[in-house]
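These notes are about the structure you will find just below.
The values are calculated or read from the model by the stated rules, or taken from the named source; none is laboratory data. Owing to the predicted nature of the structure, the values given are computational and were not obtained by experimental measurement. Heads up, the Cβs are rebuilt from the backbone with ideal geometry, glycines too, and the neighbour counts pull from every protein chain shown. Only protein heavy atoms, including side chains, enter the accessible area calculation; ligands, DNA and RNA are left aside. Shrake-Rupley method; radii C 1.70, N 1.55, O 1.52, S 1.80 Å.
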Amino acid sequence: MDDVIHQWQQAADAYAQWNADAEFARFNRAFLGTMLPDLAGNTAPDAGCGDGSYTAWLAQQGAAATGIDGAAAMVALAREAYPDLSFDVADLLAPLPYADESFDFILCNQVLMDIPDILPFAGQTARVLKPGGQLLWSIVH
(Lines give C-alpha, C1' and ligand atoms only; values in the text may rest on other atoms or scores of the structure.)
Protein backbone atom coordinates (compact mmCIF):
# COMPACT_ATOMS: atom_id res chain seq x y z
CA MET A 1 0.00 0.00 0.00
CA ASP A 2 2.92 2.34 0.65
CA ASP A 3 3.77 2.26 -3.09
CA VAL A 4 0.20 3.24 -4.00
CA ILE A 5 0.13 6.07 -1.46
CA HIS A 6 3.52 7.26 -2.73
CA GLN A 7 2.18 7.32 -6.30
CA TRP A 8 -0.84 9.38 -5.23
CA GLN A 9 1.42 11.72 -3.27
CA GLN A 10 3.32 12.39 -6.50
CA ALA A 11 0.16 12.70 -8.62
CA ALA A 12 -1.92 14.88 -6.29
CA ASP A 13 -1.69 18.18 -8.20
CA ALA A 14 -2.15 16.58 -11.62
CA TYR A 15 -5.12 14.53 -10.42
CA ALA A 16 -6.87 17.54 -8.87
CA GLN A 17 -6.44 19.52 -12.09
CA TRP A 18 -7.70 16.63 -14.23
CA ASN A 19 -10.63 15.88 -11.93
CA ALA A 20 -11.86 19.48 -12.02
CA ASP A 21 -12.52 19.30 -15.78
CA ALA A 22 -12.92 15.60 -16.48
CA GLU A 23 -16.02 14.42 -18.30
CA PHE A 24 -15.59 11.13 -16.43
CA ALA A 25 -15.96 12.93 -13.07
CA ARG A 26 -19.19 14.61 -14.20
CA PHE A 27 -20.57 11.32 -15.49
CA ASN A 28 -19.46 9.47 -12.36
CA ARG A 29 -21.17 11.95 -10.00
CA ALA A 30 -24.40 11.71 -12.02
CA PHE A 31 -24.22 7.92 -11.98
CA LEU A 32 -23.44 7.68 -8.27
CA GLY A 33 -26.22 10.16 -7.58
CA THR A 34 -28.73 7.61 -8.83
CA MET A 35 -27.59 5.22 -6.09
CA LEU A 36 -27.30 7.59 -3.11
CA PRO A 37 -29.77 7.31 -0.28
CA ASP A 38 -31.14 10.51 1.22
CA LEU A 39 -28.06 11.81 3.01
CA ALA A 40 -29.65 14.78 4.78
CA GLY A 41 -28.41 14.71 8.37
CA ASN A 42 -26.33 11.58 7.87
CA THR A 43 -22.65 11.17 8.69
CA ALA A 44 -20.82 10.16 5.55
CA PRO A 45 -17.08 9.75 5.08
CA ASP A 46 -15.54 9.71 1.63
CA ALA A 47 -12.97 6.91 1.90
CA GLY A 48 -10.10 7.63 -0.47
CA CYS A 49 -11.22 11.24 -0.90
CA GLY A 50 -8.36 12.41 -3.10
CA ASP A 51 -8.76 16.12 -3.77
CA GLY A 52 -11.99 16.32 -1.75
CA SER A 53 -14.37 17.01 -4.62
CA TYR A 54 -16.58 14.02 -3.81
CA THR A 55 -16.48 14.90 -0.11
CA ALA A 56 -17.82 18.33 -1.05
CA TRP A 57 -20.42 16.66 -3.25
CA LEU A 58 -21.59 14.52 -0.31
CA ALA A 59 -21.88 17.68 1.77
CA GLN A 60 -23.98 19.26 -1.00
CA GLN A 61 -26.30 16.26 -0.67
CA GLY A 62 -26.86 17.21 2.98
CA ALA A 63 -24.38 14.87 4.66
CA ALA A 64 -21.97 15.70 7.45
CA ALA A 65 -19.11 14.61 5.20
CA THR A 66 -15.53 13.77 6.16
CA GLY A 67 -12.79 13.03 3.66
CA ILE A 68 -10.26 10.27 4.39
CA ASP A 69 -7.14 9.57 2.33
CA GLY A 70 -3.77 7.93 2.91
CA ALA A 71 -1.92 10.48 0.77
CA ALA A 72 -1.19 13.57 2.86
CA ALA A 73 -0.64 15.60 -0.32
CA MET A 74 -4.19 14.82 -1.43
CA VAL A 75 -5.60 15.75 1.97
CA ALA A 76 -3.66 19.04 1.85
CA LEU A 77 -5.25 19.86 -1.52
CA ALA A 78 -8.68 18.94 -0.18
CA ARG A 79 -8.28 21.10 2.92
CA GLU A 80 -7.17 24.03 0.78
CA ALA A 81 -10.05 23.66 -1.68
CA TYR A 82 -12.74 22.96 0.94
CA PRO A 83 -11.67 24.61 4.21
CA ASP A 84 -15.12 24.21 5.80
CA LEU A 85 -15.01 20.41 5.52
CA SER A 86 -13.15 17.88 7.62
CA PHE A 87 -10.35 15.75 6.14
CA ASP A 88 -8.22 13.10 7.84
CA VAL A 89 -5.05 11.33 6.73
CA ALA A 90 -5.64 7.63 7.35
CA ASP A 91 -4.48 4.40 5.73
CA LEU A 92 -7.54 2.46 4.54
CA LEU A 93 -5.72 -0.81 5.27
CA ALA A 94 -5.15 0.05 8.93
CA PRO A 95 -7.67 0.47 11.72
CA LEU A 96 -9.62 3.62 10.95
CA PRO A 97 -9.38 6.34 13.61
CA TYR A 98 -13.12 6.39 14.30
CA ALA A 99 -15.32 4.84 16.96
CA ASP A 100 -17.47 1.81 16.26
CA GLU A 101 -20.80 2.61 14.61
CA SER A 102 -19.81 6.21 13.77
CA PHE A 103 -21.25 6.59 10.28
CA ASP A 104 -24.54 6.20 8.43
CA PHE A 105 -23.06 5.94 4.96
CA ILE A 106 -19.60 5.50 3.41
CA LEU A 107 -18.58 6.39 -0.13
CA CYS A 108 -15.52 4.64 -1.57
CA ASN A 109 -15.27 5.90 -5.12
CA GLN A 110 -12.61 4.68 -7.55
CA VAL A 111 -10.34 3.46 -4.74
CA LEU A 112 -10.63 -0.29 -4.18
CA MET A 113 -8.87 -1.17 -7.43
CA ASP A 114 -5.72 0.43 -5.97
CA ILE A 115 -5.87 -1.50 -2.69
CA PRO A 116 -3.96 -4.80 -2.75
CA ASP A 117 -6.23 -6.46 -0.18
CA ILE A 118 -9.72 -5.06 0.43
CA LEU A 119 -10.52 -7.35 3.37
CA PRO A 120 -9.01 -5.07 6.06
CA PHE A 121 -10.97 -2.13 4.64
CA ALA A 122 -14.16 -4.21 4.47
CA GLY A 123 -13.74 -5.16 8.13
CA GLN A 124 -13.16 -1.55 9.16
CA THR A 125 -16.16 -0.45 7.11
CA ALA A 126 -18.36 -2.95 8.95
CA ARG A 127 -16.98 -1.72 12.27
CA VAL A 128 -17.54 2.01 11.73
CA LEU A 129 -20.93 1.78 10.02
CA LYS A 130 -24.01 2.10 12.20
CA PRO A 131 -26.47 -0.79 12.09
CA GLY A 132 -28.32 -0.48 8.81
CA GLY A 133 -25.59 1.79 7.40
CA GLN A 134 -24.60 1.58 3.76
CA LEU A 135 -21.35 1.42 1.80
CA LEU A 136 -21.37 2.59 -1.80
CA TRP A 137 -18.21 1.65 -3.66
CA SER A 138 -17.45 1.96 -7.32
CA ILE A 139 -14.60 1.06 -9.63
CA VAL A 140 -14.23 1.42 -13.39
CA HIS A 141 -13.03 -2.11 -13.99
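Odds and ends about this structure:
- Computed [θ] at 222 nm, deg cm²/dmol, the chain (DSSP H ≥ 4; -39,500 (n - 2.57); rounded to nearest 500): -13000 deg cm²/dmol
- Fraction of the pair-distance distribution of segment 24-141 above 18 Å, Cα-Cα pairs, percent: 46
- Gap separating the Cα centres of segment 27-73 and segment 103-136, nearest whole Å: 13
- 14 Å reach of a label modelled at R29, 7 Å along Cα-to-Cβ, counting backbone N of segment 52-80: 52-62
- Membrane-span-like helices in the chain (whole DSSP H runs, Cα extent of at least 27 Å along the helix axis, mean Kyte-Doolittle hydropathy of at least 1.6): none found.
- Heavy-atom SASA rank of D114, D69 (probe 1.4 Å, accessible area, largest first): D114, D69
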